[in-house]
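The values are calculated or read from the model by the stated rules, or taken from the named source; none is laboratory data. The structure presented is a predicted model; accordingly, all values stated were derived computationally and were not measured. As a convention, Cβ positions derive from the backbone with ideal geometry for all residues, glycine included, and neighbour counts pool all protein chains shown. Side chains are part of the model used for accessible areas, which takes the heavy atoms of the whole protein and leaves out ligands, DNA and RNA. Shrake-Rupley method; radii C 1.70, N 1.55, O 1.52, S 1.80 Å.
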Amino acid sequence: MREINVAEITENISDMCIEINHRLSDDMEKALYDALEKEESSTGKQVLSQLKKNLEIASEEMIPICQDTGMAIVFLEIGQDVHFIGGDLTDAVNNGVRRGYTEGYLRKSVVSDPILRENTKDNTPAVIHEKIVHGDGVKITLAPKGFGSENMSKLYMLKPSQGLEGVKKAILKAVKDAGPNACPPIVVGVGIGGDFEKCALIAKEALTREAGTHSNIAWVKELETEMLETINDLGIGPAGLGGKVTAMAVNINTYPTHIAGLPVAVNICCHVNRHITRCL
Ligand code: SF4
């Protein structure tokens, strides 16, 4: 059994909120620079050059990459041999978000009630997903999510008979419907299988996988490659102004499902696909 003081969780999450809102992870930075190389349309190239410049200014001058600094999504992988001390784990996560967003002067975008809509003024609560795993460590992944792209995400409860073709149509429909509203070039996180909520969760997790990597399941890897090509043939392009690069990556996760179902979730993220991981 290893003891971890929850103060460590707070401190790390606070730092991570500030870091990832000013500097994208290496994979996303590379994906954006590669997009600039690949783009053929002159308007598309111009948009991507501006996004590149924006990234440089953000990290050099400590200005957030985007005005929408997102709702804090926190994935915790907790070793079953960990014993937390020093307080409540959920409070520790939210204290980290509160501190990071306040001390980092990041926009507070969370309302306490979805209908009454009063801003909580500190960007809490976070959305927290916990998973118990082997070992005595804790892996924290923080993915602040902008809602321009979150609002364009979709969940489909397909019939098994719709099969792989149905899955492809569902992914393509979500991306087409999103059009320019998801702030392209986008990253498409897809969940296939599970039930209603598991499907959405694995789609969101897929967004945190390094852009440019593939599933180790052969048919899924093939689907990722094919969908990226098909999406980029749509011509939506950077900022939706036309071009070759609509998506920088399609990341797909799968999970076993029921004999009567084929859930598909498409969680879209904009070009500011923020994700950062630390292990304690
Ligand atoms: S969707 Fe992304 S790029 Fe667009 S406003 Fe929101 S965070 Fe910014």
Original post:
Summing Lys, Arg as +1 and Asp, Glu as -1, what charge do residues with Cβ under 15 Å from the Cβ of Gly70 carry, Gly70 excluded?
Top reply: +3
Original post:
What helices in the chain pass both tests, a Cα length along the helix axis of 27 Å or more and a mean Kyte hydropathy of -1.0 or higher, using whole DSSP H runs?
Top reply: 42-61
Subject >> Considering only the range 147-278, percent of DSSP beta bridges that pair antiparallel, nearest 5 >> reply: 55
**OP:** Within the set of other residues whose C-beta is less than 11 Å from the C-beta of Asn94, count the net charge using Lys and Arg as +1 and Asp and Glu as -1.
**Re:** -1
Original post:
Do the sum for the chain: with -39,500 (n - 2.57) for every DSSP H run of n ≥ 4, divided by all residues, what is the mean residue ellipticity at 222 nm, to the nearest 500 deg cm²/dmol?
Top reply: -13000 deg cm²/dmol
Original post:
Please state the relative contact order of the range 195-280 as a whole percent: Cα pairs under 8 Å, 6+ residues apart?
Top reply: 40
**OP:** Take the range 147-278, compute every pairwise Cα distance, and split them into 10 Å bins from 0; I just need the percent in each bin.
**Re:** 14, 48, 32, 6, 0
Original post:
How high is the relative contact order of the chain, given as a whole-number percent (alpha carbon pairs under 8 Å, six or more residues apart)?
Top reply: 26
**OP:** Determine, for each peptide in 212-223, 28-39, the mean count of other beta carbons within 10 angstrom over its residues, then list the peptides with the highest first.
**Re:** 28-39, 212-223
Original post:
What does the charge count near Lys108 come to, summing +1 for each Lys or Arg and -1 for each Asp or Glu among other residues with Cβ under 10 Å from its Cβ?
Top reply: +2
Original post:
How long is the chain along each principal axis, judged by its Cα atoms, biggest number first, in Å?
Top reply: 53, 51, 39
Subject >> Cleavage-rule hits, trypsin sites (Lys or Arg not before Pro), the range 103-207, DSSP coil, Cβ neighbours within 10 Å at most 11 >> reply: Arg117
**OP:** Pop out the carbon and sulfur fraction of the accessible area of the chain as a percent, whole number, probe 1.4 Å.
**Re:** 53
